Structure formats: C-alpha cells, structure tokens
Amino acid sequence: MSTPTGWEGILDEGEVILWQGRPGQGFHVGAGSLIGGVFGLFFAGFAVFWMVMASNAPGNFWMFGLIHFSVGLALSIGSVVGPTWKRRHSWYTLTDRRAFIATDMPFKGRNLKSYPIGPNTVIDYKQGNPATIHFAEEWKRGSKGGSYKVKIGFERLENGDEVMRQVRKAQEVDETMIREHT
C-alpha cells in the first residue's frame, strides 16, 4: 500500500489513514470563552474610566490608558472569536497508530502534532452533535508561572459516532500488532 500524497515522511511504514476530517466550522462560544470575554471587557472598561479621569490632568497622560484599553479589547475579542478561528484553520487525521491535528494559522504558520493511539490510550468521548473525542493531555504554562492540564483531541465533530468507531479500530489494530510481535 502506497503512502498518500503529502504524507511522505510523516507516516510510518505500513501506517494506514482511517479517517480525515475537520472540526465544525460554525461560530460557537463556550463558558470559558465567555469568562475570558467578560474579563477583557472589564479590563478595557477600567482603562476607559482611567483615561477619562486622567484627561482632566494637563497634557496627554491619558493616552497611556490606550495600551490597556487595547489589551482588554484584544482579550475580549480573542476569547470569544479565537476558538472558532482556530477550528477554521484545523484539520484532523486518524491512522491505525496515531491521531494528527494540523493547524495553519495566519502569522503562526503550519503545525502538525501527532498523538499515539493504542490499547492503553484513555479515550474521553463526549457524545452529541457536535461530539468531542479527547485522547491526550498536555501541560501548558500559565501566565503566573504555574501550569495547567489541557485535554487534546478531535473537537466539535459532526460524525462523532463514526470517528469513535475508527478510534476503537485503531486501538484494536495496535493491540493486534503487539500480539503478533510477542
């Protein structure tokens, strides 16, 4: 079996693509996005209040508030629009051994990450329309030096049940390969 075009040097010998797709492209705002958006609005609102109060002083000192206003506005808009923007620039691939998440973000460029899928991979399936399948976790560094865990997976899938069947198939294939090599 030949390697599909564009996957040369990425897939292992004999690795087979089981499914390819994309997350739902529609606009969606989750609870976390709303919290970030509200925080950004409060930040920007305080900056406006500060600029109004500072405008009573002589000179252009009030203009220093523009930086904070811009940051607050960016936080607010980014929190609400950012997740949808990222989904619209993402692609998913599932092979008989790994899950791939590809992104092509403006200003950041292309990125391809792979996550092993095996018999011991913990799968978290949130059924529904759209569905989400998490299969990995990553630690991210927080803004104050701490870290937090983020679930990784295929999010907002239109055909979640079918993708989940393929994930189970990948886990079974891996288990069969282990038995054959022992």
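The values are calculated or read from the model by the stated rules, or taken from the named source; none is laboratory data. Given the structure is predicted, the values throughout are model-derived calculations rather than measurements. We place every Cβ from the backbone using ideal geometry, glycine too, and count neighbours over all the protein chains shown. Heads up: the accessible areas ignore ligands, DNA and RNA and are worked out on the full protein's heavy atoms, side chains in. Shrake-Rupley method; radii C 1.70, N 1.55, O 1.52, S 1.80 Å.
Structure notes:
- Residues of the stretch 62-106 classified as outside any helix (DSSP H, G or I), touching a residue at least 40 places away in the same chain (Cβ under 8 Å) and charged (D, E, K, R), total: 4
- Residues located in the stretch 153-172, provided they are in contact with a helix residue (DSSP H, G or I) (Cβ under 9 Å, 6 or more places away or on another chain) and either aliphatic (A, V, I, L, M) or more than 18 Å from Trp91 (Cα to Cα) (or both): Leu157
- Of everything listed in (1) over 17 Å from the mean Cα position of the chain (by Cα); (2) at pLDDT 95 or above, the single unmet condition for Ala99 is (1).
- Which numbered condition Gly37 misses (of (1) open to solvent by 40 Å² or more (accessible area, probe 1.4 Å); (2) in a helix (DSSP H, G or I)): (1)
- Scanning the stretch 115-144 for residues that are in contact with a Ser or Thr (Cβ under 9 Å, 6 or more places away or on another chain) and open to solvent by 50 Å² or more (accessible area, probe 1.4 Å) yields a total of 5.
- Residues of the stretch 1-34 classified as in a loop (DSSP other than H, G, I, E, B), within 25 Å of Ser114 (Cα to Cα) and either modelled with pLDDT of 80 or more or β-branched (Val, Ile, Thr) (or both), total: 16
- All of Phe43, Phe27, Phe49, Phe64 fail the test of being of a type in the set (Phe, Trp, Tyr) and surrounded by 15 or more Cβ atoms within 10 Å (Cβ to Cβ), apart from Phe43.
- Within the stretch 110-123, the set of residues being of a type in the set (D, E, K, R) and modelled with pLDDT of 95 or more comprises Lys113 only.
- For the stretch 160-172, the criterion of being modelled with pLDDT under 95, crowded, with 17+ Cβ neighbours inside 10 Å and more than 17 Å from Phe100 (Cβ to Cβ) is met by at least one residue.
- All of (1) aliphatic (A, V, I, L, M); (2) modelled with pLDDT under 90; (3) in a helix (DSSP H, G or I) hold for Ala57 with one exception: (3).
- A residue that is among the charged types (D, E, K, R) and either farther than 22 Å from His28 by Cβ or open to solvent by less than 50 Å² (accessible area, probe 1.4 Å) (or both) occurs nowhere in the stretch 99-108.
- Cβ-Cβ contacts under 6 Å between residues 6 or more apart (or on different chains), taken from a first residue in the stretch 6-24 that is closer than 16 Å to Asp96 by Cβ to a second residue that is hydrophobic (A, V, I, L, M, F, W, C) and part of a strand (DSSP E or B), are listed as Leu18/Leu94; Trp19/Leu94.
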